[in-house]
1. Hey, among Ile66, Ile77, Ile72, which residue is surrounded by 18 or more Cβ atoms within 10 Å (Cβ to Cβ) and at pLDDT 85 or above?
2. Kindly indicate which of Glu156, Glu169 is assigned to a loop (DSSP other than H, G, I, E, B), surrounded by fewer than 19 Cβ atoms within 10 Å (Cβ to Cβ) and not small (Gly, Ala, Ser).
3. Which residues, counting only those in the stretch 1-23, are at pLDDT below 95, in a strand (DSSP E or B) and of a type in the set (A, V, I, L, M, F, W, C)?
4. Could you say which residue among Leu190, Leu239 is part of a loop (DSSP other than H, G, I, E, B), touching a residue at least 24 places away in the same chain (Cβ under 8 Å), touching a helix residue (DSSP H, G or I) at 6+ places or on another chain (Cβ under 9 Å) and among the aliphatic types (A, V, I, L, M)?
5. Could you tell me whether the stretch 93-107 includes any residue that is among the acidic types (Asp, Glu), assigned to a helix (DSSP H, G or I) and at pLDDT below 90?
6. Can you name the residue in the stretch 250-277 that is under 17 Å from the mean Cα position of the chain (by Cα) and within 17 Å of Glu347 (Cα to Cα) and, of all such residues, is surrounded by the fewest Cβ atoms within 10 Å (Cβ to Cβ)?
7. Could you tell me whether the stretch 129-142 includes any residue that is in contact with a helix residue (DSSP H, G or I) (Cβ under 9 Å, 6 or more places away or on another chain), among the β-branched types (Val, Ile, Thr), buried (at least 16 other Cβ atoms within 10 Å of the Cβ) and farther than 19 Å from Asn93 by Cα?
8. Given the conditions (1) part of a loop (DSSP other than H, G, I, E, B); (2) buried (at least 20 other Cβ atoms within 10 Å of the Cβ); (3) under 13 Å from the mean Cα position of the chain (by Cα), and given that Ala119 satisfies all but one, which numbered condition is not satisfied?
Amino acid sequence: MSNFLYIAKQPIFTKEKHIFGYELYYRKDDQEMTLPDKRLATASVLVNALNQMGLRTLVGDALAFINIDAKILLTDIIYTIPKERFVFELDENIKINQKEYECIKELHKNGYVFALDNARLDQAYSDNVRRVLPYVTYVKFDTTSIDYNELEGKLELYSGKKLIAQKIESQLVYNSYKEIGFDYFQGFYLGKPELIKKNRIDPHHLGVIRLFNLLQGAVSMSDVCAEFEQHNEIVLQLLQFVNSGGFEFKTTPKSICDVLEFIGKKPLMQWLMLIVYAKSGRNGDEDINPSSIVLQNRIDLMLGILKRMGNTDEELATQTRFVALLSLLETVFEMPLPLILNELGVEDVIKDALLNHVGKLGRLYSLVLSLEQAPQESAEKLLLAYGLPSEDVWRILDEHLGHPGAIVR
């Protein structure tokens, strides 16, 4: 499997040619565009956008348009997706039976927004989509496959909808659709699709399944938290998902356990199922992600120092894990750490530790950074601040650095 993931985005413009939204497309690599399984393609786009790239990084404040078919529509994973940020484009070939109708109606009631993708003018298509039109906000037409002269006389069916013209390839086509009342425009003439490439951070497939199965049982959230802490890639994706707007916390999270408590078992199961659908987990353990190794080393070092100091404060250990996880976000998500911490709304003691290296957590984090970078003089000074002899530098490094598996639990 490639160490990179790809996603393509194409802007959608207003009449004034301001960017209103982006349509997101699946890409297997820098060339391949299609997947035989549309559910897999959609789930992959969602996982990449929400869990790995970050929606704010990808589209800013614009809306994200994504194509869905009945397979995705009728799954619970739809409820994990931030409804304020997405528009779900109903695939042109989707058959609106009673189940699909009830699902669209219920999702619309809960605030989800729909578009018709590649709307057609034939009677069979109109009959198929007619009863879900009250729950549709946008209607997209492919300008290269629609008879323009016929279109104007058939727009009455979509009265009150926001119309989007796709595949605008000239100023003439743009002006023509603008004149008959279209609201938004998309196409090579205005903006070509942009391919985004990013380092991949995939959880092991078995780890995702293990967590999903655990959540189905009568287990406490403390047990769930303990299991999550064994899967750094999954936690990193969850933090990015939170940062993408997937959840709004009523109080400030102080640890990964707090994040899991706030989200709850059922939404966590739905979120994990999204990853399963996307098949973003790796089979087997032969490929260990470099970022995961760095993260586990950092956790082990920080907890190893606490252990050597004889510190058994469980709350401090929990916060230490949280600091270690958050410390890697800037590199992983390619966003400034202060911005990420503000978006996540972490408590001040953790923010100060990461940004200013102050307090117990801050000094511990600073020491670990010194140990990782191997400037012995700086590390020795920090060790003295903890009352640890300088020879502990090499002992700690020998015991806790460079091992992909966890050493301190």
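1. Ile66
2. Going through Glu156, Glu169 in turn, the sole match is Glu169.
3. Of everything in the stretch 1-23, those that are at pLDDT below 95, in a strand (DSSP E or B) and of a type in the set (A, V, I, L, M, F, W, C) turn out to be Phe4, Leu5, Ile7, Ala8.
4. Only one candidate qualifies: Leu190.
5. No, the stretch 93-107 contains no residue that is among the acidic types (Asp, Glu), assigned to a helix (DSSP H, G or I) and at pLDDT below 90.
6. Ile256
7. So far as the stretch 129-142 goes, no, none of its residues is in contact with a helix residue (DSSP H, G or I) (Cβ under 9 Å, 6 or more places away or on another chain), among the β-branched types (Val, Ile, Thr), buried (at least 16 other Cβ atoms within 10 Å of the Cβ) and farther than 19 Å from Asn93 by Cα.
8. (3)
The values are calculated or read from the model by the stated rules, or taken from the named source; none is laboratory data. Since this is a predicted model, take the numbers as computed values, not measurements. Every residue, glycine as well, gets a Cβ built from its backbone with ideal geometry; the counts of neighbours run over all protein chains shown.
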